[in-house]
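The values are calculated or read from the model by the stated rules, or taken from the named source; none is laboratory data. All figures in this text were calculated on a predicted structure; none of them were measured in a lab. For neighbour counting, all protein chains shown are included, and Cβ atoms are generated from backbone atoms with ideal geometry for every residue, glycine included.
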Amino acid sequence: MINRPMHFHFQSCLGAIFWQIPISAFCHKEDYDILSEDEEKRLSLLQTWDCQDNNIAVTTFGFLQNKRVDIHCRDNVWRSGKYIFTIDDYEGDLNELNIGYANDQDSKCFHFIELDDGNYAIPPNNLLRWHNADFIVPYPKDTPPKIKMFNEPLCSEDIDRSYGNTPYFFYNHYSKEEESKKEEDNKLSSKEYRSA
(Lines give C-alpha, C1' and ligand atoms only; values in the text may rest on other atoms or scores of the structure.)
Protein backbone atom coordinates (compact mmCIF):
# COMPACT_ATOMS: atom_id res chain seq x y z
CA MET A 1 0.00 0.00 0.00
CA ILE A 2 1.29 3.43 -0.87
CA ASN A 3 2.90 5.31 2.04
CA ARG A 4 2.76 2.21 4.25
CA PRO A 5 5.37 -0.43 5.05
CA MET A 6 5.56 -3.43 2.73
CA HIS A 7 2.94 -5.93 3.90
CA PHE A 8 3.17 -9.70 3.66
CA HIS A 9 0.59 -12.47 4.06
CA PHE A 10 1.57 -15.86 5.45
CA GLN A 11 0.23 -19.08 6.89
CA SER A 12 1.72 -20.12 10.21
CA CYS A 13 2.60 -23.66 11.24
CA LEU A 14 -0.52 -23.48 13.47
CA GLY A 15 -2.67 -23.25 10.34
CA ALA A 16 -3.74 -19.63 10.88
CA ILE A 17 -3.35 -17.13 8.04
CA PHE A 18 -2.06 -13.68 8.92
CA TRP A 19 -2.63 -10.67 6.66
CA GLN A 20 -0.68 -7.44 6.14
CA ILE A 21 2.27 -8.18 8.39
CA PRO A 22 5.41 -5.99 8.17
CA ILE A 23 8.91 -7.39 7.54
CA SER A 24 9.78 -6.84 11.23
CA ALA A 25 7.36 -9.66 12.19
CA PHE A 26 9.51 -12.29 10.45
CA CYS A 27 12.71 -14.03 11.53
CA HIS A 28 14.55 -17.18 10.48
CA LYS A 29 16.30 -18.01 13.78
CA GLU A 30 14.83 -18.51 17.22
CA ASP A 31 17.63 -16.46 18.76
CA TYR A 32 17.21 -13.49 16.36
CA ASP A 33 18.44 -10.02 17.36
CA ILE A 34 15.38 -8.07 18.54
CA LEU A 35 17.15 -4.78 17.54
CA SER A 36 14.72 -2.63 19.57
CA GLU A 37 11.82 -3.06 22.02
CA ASP A 38 10.06 -0.29 20.08
CA GLU A 39 8.30 -2.08 17.18
CA GLU A 40 8.28 1.00 14.93
CA LYS A 41 12.02 1.56 15.42
CA ARG A 42 12.65 -2.14 14.76
CA LEU A 43 10.67 -1.84 11.51
CA SER A 44 12.59 1.30 10.47
CA LEU A 45 15.89 -0.61 10.82
CA LEU A 46 14.66 -3.43 8.56
CA GLN A 47 12.75 -1.33 5.98
CA THR A 48 14.06 2.15 5.23
CA TRP A 49 11.24 3.54 3.07
CA ASP A 50 7.50 2.98 2.80
CA CYS A 51 5.99 1.71 -0.46
CA GLN A 52 5.75 4.20 -3.31
CA ASP A 53 2.78 2.66 -5.10
CA ASN A 54 0.13 -0.04 -4.75
CA ASN A 55 1.51 -2.43 -7.39
CA ILE A 56 4.60 -4.61 -7.09
CA ALA A 57 6.75 -6.88 -9.23
CA VAL A 58 9.07 -9.57 -7.83
CA THR A 59 12.37 -10.42 -9.52
CA THR A 60 15.31 -12.62 -8.57
CA PHE A 61 18.45 -11.15 -10.12
CA GLY A 62 20.66 -14.10 -11.08
CA PHE A 63 23.89 -12.14 -10.66
CA LEU A 64 22.91 -11.22 -7.07
CA GLN A 65 21.31 -14.52 -6.03
CA ASN A 66 22.82 -15.83 -2.76
CA LYS A 67 25.47 -13.08 -2.78
CA ARG A 68 26.69 -11.62 0.49
CA VAL A 69 25.66 -8.04 1.13
CA ASP A 70 26.11 -5.47 3.91
CA ILE A 71 23.28 -3.08 4.79
CA HIS A 72 23.78 0.35 6.30
CA CYS A 73 20.82 0.72 8.68
CA ARG A 74 19.23 3.86 10.17
CA ASP A 75 21.05 3.34 13.48
CA ASN A 76 24.36 3.72 11.59
CA VAL A 77 25.15 0.02 12.06
CA TRP A 78 26.22 -2.28 9.23
CA ARG A 79 24.38 -5.62 9.18
CA SER A 80 25.28 -8.50 6.85
CA GLY A 81 23.24 -11.12 5.09
CA LYS A 82 22.39 -12.91 1.86
CA TYR A 83 20.30 -11.69 -1.09
CA ILE A 84 17.07 -13.62 -1.78
CA PHE A 85 14.97 -11.55 -4.27
CA THR A 86 13.83 -8.02 -5.13
CA ILE A 87 10.42 -6.39 -4.78
CA ASP A 88 9.86 -3.33 -6.94
CA ASP A 89 6.79 -1.16 -6.65
CA TYR A 90 5.57 0.39 -9.87
CA GLU A 91 2.85 2.47 -11.44
CA GLY A 92 -0.01 0.17 -12.46
CA ASP A 93 -2.40 0.21 -15.37
CA LEU A 94 -1.98 3.35 -17.47
CA ASN A 95 -5.78 3.70 -17.47
CA GLU A 96 -5.75 4.16 -13.69
CA LEU A 97 -5.03 7.40 -11.92
CA ASN A 98 -1.35 7.36 -10.87
CA ILE A 99 -1.35 8.17 -7.18
CA GLY A 100 2.18 6.97 -6.48
CA TYR A 101 5.66 8.00 -7.47
CA ALA A 102 7.27 4.66 -8.27
CA ASN A 103 8.36 5.87 -11.73
CA ASP A 104 10.09 8.91 -10.27
CA GLN A 105 13.89 9.16 -10.65
CA ASP A 106 14.12 8.75 -6.87
CA SER A 107 12.09 5.52 -6.87
CA LYS A 108 13.29 2.79 -4.50
CA CYS A 109 13.15 -0.99 -4.73
CA PHE A 110 13.23 -3.46 -1.85
CA HIS A 111 15.95 -6.13 -1.85
CA PHE A 112 14.82 -9.01 0.35
CA ILE A 113 17.84 -9.94 2.51
CA GLU A 114 18.20 -12.80 4.99
CA LEU A 115 20.31 -11.23 7.74
CA ASP A 116 22.93 -13.15 9.74
CA ASP A 117 21.32 -11.91 12.97
CA GLY A 118 18.13 -13.89 12.25
CA ASN A 119 16.03 -11.05 10.81
CA TYR A 120 14.90 -10.26 7.28
CA ALA A 121 15.35 -6.79 5.80
CA ILE A 122 14.18 -5.01 2.63
CA PRO A 123 16.58 -2.09 2.04
CA PRO A 124 16.94 -0.02 -1.16
CA ASN A 125 19.95 -0.05 -3.53
CA ASN A 126 21.76 2.92 -2.08
CA LEU A 127 22.24 1.37 1.38
CA LEU A 128 23.85 -1.85 0.17
CA ARG A 129 27.49 -2.93 -0.12
CA TRP A 130 27.73 -6.08 -2.25
CA HIS A 131 30.32 -8.87 -2.17
CA ASN A 132 31.22 -10.76 -5.32
CA ALA A 133 34.70 -12.23 -5.35
CA ASP A 134 34.64 -12.44 -9.16
CA PHE A 135 35.03 -8.73 -9.72
CA ILE A 136 34.08 -6.61 -6.69
CA VAL A 137 36.34 -5.24 -4.00
CA PRO A 138 33.87 -3.73 -1.49
CA TYR A 139 34.63 -0.19 -0.39
CA PRO A 140 35.65 0.39 3.25
CA LYS A 141 32.58 0.74 5.47
CA ASP A 142 33.92 3.90 7.11
CA THR A 143 34.50 5.68 3.76
CA PRO A 144 31.66 4.97 1.32
CA PRO A 145 32.22 6.37 -2.18
CA LYS A 146 30.75 9.74 -3.08
CA ILE A 147 28.65 9.25 -6.18
CA LYS A 148 27.03 12.12 -8.01
CA MET A 149 23.44 11.22 -8.79
CA PHE A 150 22.14 12.08 -12.25
CA ASN A 151 18.45 12.76 -11.74
CA GLU A 152 17.30 14.46 -14.93
CA PRO A 153 14.86 12.40 -16.98
CA LEU A 154 16.25 11.37 -20.38
CA CYS A 155 14.63 10.24 -23.60
CA SER A 156 16.52 8.50 -26.40
CA GLU A 157 13.94 9.74 -28.93
CA ASP A 158 14.07 13.44 -28.06
CA ILE A 159 15.58 14.30 -31.46
CA ASP A 160 14.46 15.46 -34.88
CA ARG A 161 13.08 13.12 -37.55
CA SER A 162 16.19 13.17 -39.77
CA TYR A 163 17.50 9.84 -38.42
CA GLY A 164 14.29 8.08 -39.40
CA ASN A 165 14.75 9.30 -42.98
CA THR A 166 18.27 7.89 -43.40
CA PRO A 167 19.35 4.53 -44.86
CA TYR A 168 20.24 3.45 -41.32
CA PHE A 169 16.54 3.47 -40.49
CA PHE A 170 16.09 0.28 -42.47
CA TYR A 171 12.40 -0.55 -42.07
CA ASN A 172 10.80 -0.35 -45.53
CA HIS A 173 14.05 0.94 -46.96
CA TYR A 174 14.44 -0.11 -50.60
CA SER A 175 16.92 0.71 -53.31
CA LYS A 176 15.48 2.70 -56.27
CA GLU A 177 15.23 -0.50 -58.32
CA GLU A 178 13.43 -2.35 -55.52
CA GLU A 179 11.19 0.67 -54.90
CA SER A 180 9.96 0.77 -58.53
CA LYS A 181 9.31 -3.03 -58.46
CA LYS A 182 7.40 -2.60 -55.20
CA GLU A 183 5.28 0.20 -56.70
CA GLU A 184 4.52 -1.99 -59.75
CA ASP A 185 3.52 -4.90 -57.48
CA ASN A 186 1.26 -2.58 -55.48
CA LYS A 187 -0.46 -1.40 -58.69
CA LEU A 188 -1.05 -5.00 -59.77
CA SER A 189 -2.41 -5.95 -56.35
CA SER A 190 -4.68 -2.93 -56.39
CA LYS A 191 -6.07 -3.86 -59.87
CA GLU A 192 -6.64 -7.47 -58.76
CA TYR A 193 -8.44 -6.28 -55.65
CA ARG A 194 -10.75 -3.93 -57.61
CA SER A 195 -11.66 -6.59 -60.19
CA ALA A 196 -12.53 -9.18 -57.54
With the requirement that a residue be surrounded by 15 or more Cβ atoms within 10 Å (Cβ to Cβ), among the aliphatic types (A, V, I, L, M) and either touching a strand residue (DSSP E or B) at 6+ places or on another chain (Cβ under 7 Å) or part of a loop (DSSP other than H, G, I, E, B) (or both), what does the range 24-61 give you?
35, 46, 56
Report the residue count in the range 68-94 for those that are surrounded by fewer than 17 Cβ atoms within 10 Å (Cβ to Cβ) and not in a strand (DSSP E or B).
7
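Per-residue answers, yes or no, for (1) in contact (Cβ under 8 Å) with a residue 60 or more places away in the chain; (2) not hydrophobic (A, V, I, L, M, F, W, C):
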residue: 23; (1), (2): yes, no
residue: 33; (1), (2): yes, yes
residue: 42; (1), (2): no, yes
residue: 64; (1), (2): yes, no
residue: 87; (1), (2): yes, no
List pairs: first in the range 127-153 and over 17 Å from residue 64 (Cβ atoms), second of a type outside the set (D, E, K, R) and surrounded by 10 or more Cβ atoms within 10 Å (Cβ to Cβ), Cβ under 7 Å, 6+ apart or cross-chain?
141/78; 145/139; 151/105; 153/105
Here are some conditions: (1) in a strand (DSSP E or B); (2) modelled with pLDDT under 80; (3) polar (S, T, N, Q). Residue 98 meets all but one. Which one does it not meet?
(1)
Among (1) modelled with pLDDT of 75 or more; (2) surrounded by 11 or more Cβ atoms within 10 Å (Cβ to Cβ), which single condition is residue 140 missing?
(2)
Name the single residue, out of those in the range 77-95 being out of contact with any His (no Cβ under 7 Å at 6 or more places or on another chain) and among the β-branched types (Val, Ile, Thr), that is modelled with the lowest pLDDT.
87
